[in-house]
Each structure stands twice: as C-alpha cells, then as structure tokens.
Amino acid sequence: MSSTESLSNSSRAALLDVARASIQHGLRQGQALAVNPDDYPAALRPLRATFVTLEIGGQLRGCIGALAAYQPLVQDVAAHAYAAAFEDPRFPRLRPEEFPSLDLHLSVLSPPEPLHFGSEEELLAQLRPGIDGLILHCNNYRATFLPAVWESLPDPYMFLTQLKLKAGLPLDFWSPELRAERYTTEYFGADAADQ
C-alpha cells in the first residue's frame, strides 16, 4: 500500500478496534497495548503518521499524534490512542466511567509537502480550506492544525493566525524564516462503546 492510497473499510475498522483496545488496556494495565504489526494485514504495516482525537459529548477530551511517520501504522494508532487518553497535558487521565461516552477519531496523514511563499498573502492563497492540515514553524516555534480544524476556523486568515498563536507567535508575526508545510488526512471515527 502506498502512503497515499486510501484504507479499506475493514482496515479502518481494525485500526479503530486497536485504538479502543489500547485505551481499555491503559485503563486496566496503565500502559499502551503492545501490537505486533506482523499480526495485522499488510495495509496496516507501512510507516504512517497518525493523530488520535478523543471527544466526549462533542468536546475535545484528548488529541495526540505525530507529523512524521516513524513506526508501522497499527503501532502508531495504539501508541497515540493511549497517549490521547492518558498523556495529553491539557486533560486529566481518562477515567473508566468516561470510556462508554468516548468518541474516537483517527487521522492518517499524508507526507507533508513544503509550501513556497514570500508573503503571508502568498501563503494564504495556497491554503485549501477543509482539505489541508498545516504545519507552521519558525526557529523553535512549531504547531499544526489538522484539516478538521477548518470546521471551527473556516476563514484562511483566522486559521493561520490561530495557528500562529498555538505555536507561541504573535497574531501579526511575519519573518522570512517562517516555514509552512501542508498535508492531507484520511479522517474517520466511531463511538468507542458501540463498536
């Protein structure tokens, strides 16, 4: 499977099962589920970068992931599902009574593509609302928004300025050192208790 080929419905279901199992394992054992990629179909074994987003009642409950692929897809999902539930510094550790209300969403990232621009206007003109995830970095400042963030920030200018804030930069920040990369995601999810 290439890094841009879509996952089948059965592969998506298997990844959601692994994410749920890793969170359940974390509730019982205090660590992520150990998965052997060889035990899974070939489509789940390539190196892929993922984010796992957890919500309860439509509210964010945890989101952890990586921008660069460094481990097999199925392992990445298991590790990030556990981390989203128990290691996101913005939230307390997930409690057992919360699990039945948990909604799981997985984002499988395409390799990042550098954007070339000489001004903020040129960068904004290249953004594809609803499609692009964006990585912004300048020196030691770095942040990303997944494509799903366009739902709450549909205006490209607001999307970019809020990403600057997330990176720790001022709203009106501009520098020739500023770099940006875009990526797309295959985004899917399910209710943790019903699947």
Q. For Leu178, are the conditions met, namely being out of contact with any Ser or Thr (no Cβ under 9 Å at 6 or more places or on another chain), surrounded by 18 or more Cβ atoms within 10 Å (Cβ to Cβ) and closer than 23 Å to Ala66 by Cβ?
A. yes
**Q.** strands (runs of 3 or more DSSP E) contained entirely in the range 43-152, each with at least 3 residues that are free of Cβ contacts under 8 Å to residues at least 40 places away in the same chain
**A.** 59-65, 141-145
Q.
Name the single residue that is nearest to Ala21 (Cα to Cα) among those in the range 38-59 being surrounded by fewer than 24 Cβ atoms within 10 Å (Cβ to Cβ) and either touching a Phe, Trp or Tyr at 6+ places or on another chain (Cβ under 8 Å) or among the charged types (D, E, K, R) (or both).
A. Asp39
(Q) Suppose we filter the range 168-191 for residues that are in contact with a His (Cβ under 7 Å, 6 or more places away or on another chain) and either assigned to a helix (DSSP H, G or I) or of a type in the set (A, V, I, L, M) (or both); how many remain? (A) 0
Q.
Given the criterion touching a Cys at 6+ places or on another chain (Cβ under 7 Å) and modelled with pLDDT of 95 or more, identify the matching residue among Leu153, Leu102, Leu178.
A. Leu178
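Conditions (1) within 20 Å of the chain's Cα centre (by Cα); (2) assigned by TED's automatic domain parsing to the domain that holds Val35, marked per residue:
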| position | (1), (2) |
| --- | --- |
| Ala79 | yes, yes |
| Ala83 | yes, yes |
| Leu104 | yes, yes |
| Phe117 | no, no |
| Leu127 | yes, no |
| Asn140 | no, no |
| Ala143 | yes, no |
| Phe159 | yes, no |
| Pro176 | no, no |
Q: Inspect the range 92-104 for any residue being exposed (fewer than 15 other Cβ atoms within 10 Å of the Cβ), under 30 Å from His25 (Cα atoms) and in contact with a Gly (Cβ under 8 Å, 6 or more places away or on another chain) and give the result as yes or no.
A: yes
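The values are calculated or read from the model by the stated rules, or taken from the named source; none is laboratory data. Given the structure is predicted, the values throughout are model-derived calculations rather than measurements. FYI the Cβ positions are ideal-geometry reconstructions off the backbone, even for glycines, and counts take in every protein chain you see.
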